[in-house]
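Presented below is the structure to which this report refers.
The values are calculated or read from the model by the stated rules, or taken from the named source; none is laboratory data. Everything numeric in this text was worked out from a predicted model, so none of it was measured. Note: ideal-geometry Cβ built from the backbone for every residue, glycine included; neighbour counts use all protein chains shown.
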Amino acid sequence: MTKPLVALVGRPNVGKSTLFNRLIGERLAVVDDRPGTTRDRQIAEALWNGVTFDVVDTGGIEVLGHDPKAKPLSIDSADFIPQIREQAELAIEEANAVIFVVDVTTGMTVADEQAAEILRRRQKQRDGVPYPPIFIAVNKNDTVERLSDIYPFYELGIGELYGISAMHGVGTGDLLDAVVAALPKEEVEEDESVKIAIVGKPNVGKSSLLNRLLGEERVIVSPIPGTTRDAIDTKLIYEGMPITLIDTAGIRRRGKIEVGVEKYSVLRTYKALDRADVALVLIDAIEGITLQDAHIAGMVLEKKRSVVVIVNKWDAVEKDSYSMNDFTEKVRTQLHFVDYVPLLFISAKTGQRVEQVMPMALRVQEERLVRVPTAELNRIVRDAMLKHAPTSRGGKRLKIFYAAQVGTDPPTFVFHINDPKLAHFTYGRFMENQIRETYPFFGTPIQLVFKGRDEKDL
């Protein structure tokens, strides 16, 4: 299931990042008075009127034209203006709705008109109407006197106007009502294949691994368009089981502005993980573990996908009998992967151990669907509490009344307790380890939710 995507666009310093933080309910985007603070995109989940969707914050759109004396609005990002603009344009192409943010305090500017023209060119016709729909958020309406100042923006001619104050939340409810009403309804995919995403840095060997996996004689292959535009998924039958391999573009180091298509790969990978069951996280054995590997691993864990870590190019590494163990320890330490995540050392180039990849991916997927009987789960919880009683806080001790598994994909457990404030994360980790001693959930993250006596299950 892929969530709808809403893109925030506009010229620099109109308040896009402030609105982004308002929509997602936390201060994630960096906000600064200096234009051009947002160079890359940020993506986060938002919820309004029961509808969940992703919001992407983009850098400010600027068109300097051919005037060599023209001064950019984004002084701090002057060297990256074309790349920032390209990122924003690509985000528009992927979006299901666009919020075009303008500034009522400055009035309509030439830069707004230029940005509007870019939006107009990027729209396509769908069922006889422009798509994606565009909503103009006239920001910084902090006083009643400014409400009448929004109407000149109708001249942009690309969408309905909504006077808002992103900083104070004024008018954002009406804006979101309209945006949510225009979004496509989430639909559960009828496709019942196991979806496996291949993720990693550029040149780590993702395409080589994909080609190797498709080279087996027992595999029937057919290319089909993916649900993400401009992506191609590969459908195959592996030993009688339908599989969808999702190839993703390499994710470069965050903050390093490259060409827009490359940087846009983060958004594509983010959406690909939304519809994946299993993620194959590739690491370059020659280069070793990098900060970017950690960033990608964090993205996968945040999405709570089942994981297989694959160390590629192992054939090119000079090694002794202990090097594999050493590398394994580095992976678990630096990428925060614990013992439940399997590691494979392969060479996509030579085919070394590649035959183990698909069986391992299917194994961790099976673990994702395991259910623990309620009676068995509560026996594990009781034994765990006898082994290690919860510590008290303020003279009050944590009490667990009962626990139940309320879902799979990922496996989710609710613990009904006396006071959620007493559930320290270290005790939650202890409980997770106790569950895994009996039910390993190999390669699969699990969620533990602690609820008070009067709170309802998920």
Does the stretch 149-156 include one or more residues that are touching a strand residue (DSSP E or B) at 6+ places or on another chain (Cβ under 7 Å), in the same structural domain as Ala95 (by TED's automatic domain parsing) and under 16 Å from Ile61 (Cα atoms)?
yes
Wholly within the stretch 238-336, helices (runs of 4 or more DSSP H) carrying at least 1 residues that are modelled with pLDDT of 80 or more, closer than 17 Å to Met360 by Cβ and of a type in the set (A, V, I, L, M, F, W, C):
291-302, 323-334
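Condition check: assigned to a loop (DSSP other than H, G, I, E, B) and within 27 Å of the chain's Cα centre (by Cα). Does Met167 satisfy that?
Working: assigned to a loop (DSSP other than H, G, I, E, B): yes; within 27 Å of the chain's Cα centre (by Cα): yes.
Answer is yes for this residue.
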Of Ala389, Ala404, Ala375, the only residue that is over 33 Å from the mean Cα position of the chain (by Cα) and modelled with pLDDT of 95 or more is Ala375
For the stretch 176-184, state whether one or more residues are under 29 Å from the mean Cα position of the chain (by Cα), within 17 Å of Gly15 (Cα to Cα), part of a helix (DSSP H, G or I) and assigned by TED's automatic domain parsing to the domain that holds Asp103.
yes
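Filter the stretch 401-415 down to the residues that are of a type in the set (Ser, Thr, Tyr) and not in a loop (DSSP other than H, G, I, E, B), then identify the one that is nearest to Leu448 (Cα to Cα).
Thr412
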Looking at this structure, is Ile134 over 15 Å from Asn96 (Cα atoms), surrounded by 15 or more Cβ atoms within 10 Å (Cβ to Cβ) and at pLDDT 85 or above?
no
Name every residue in the stretch 385-418 that is crowded, with 19+ Cβ neighbours inside 10 Å, aliphatic (A, V, I, L, M) and under 24 Å from Tyr340 (Cα atoms), in order of residue number.
Ala403, Val414
Residue that is modelled with the highest pLDDT, among those in the stretch 140-166 that are charged (D, E, K, R) and over 20 Å from Ala111 (Cα atoms)
Asp142
Quick check on my filter: what residues within the stretch 337-355 are assigned to a helix (DSSP H, G or I) and aliphatic (A, V, I, L, M)?
Val354
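What number of residues within the stretch 118-136 are farther than 10 Å from Ile61 by Cβ and either out of contact with any Lys or Arg (no Cβ under 9 Å at 6 or more places or on another chain) or not assigned by TED's automatic domain parsing to the domain that holds Asn13 (or both)?
13
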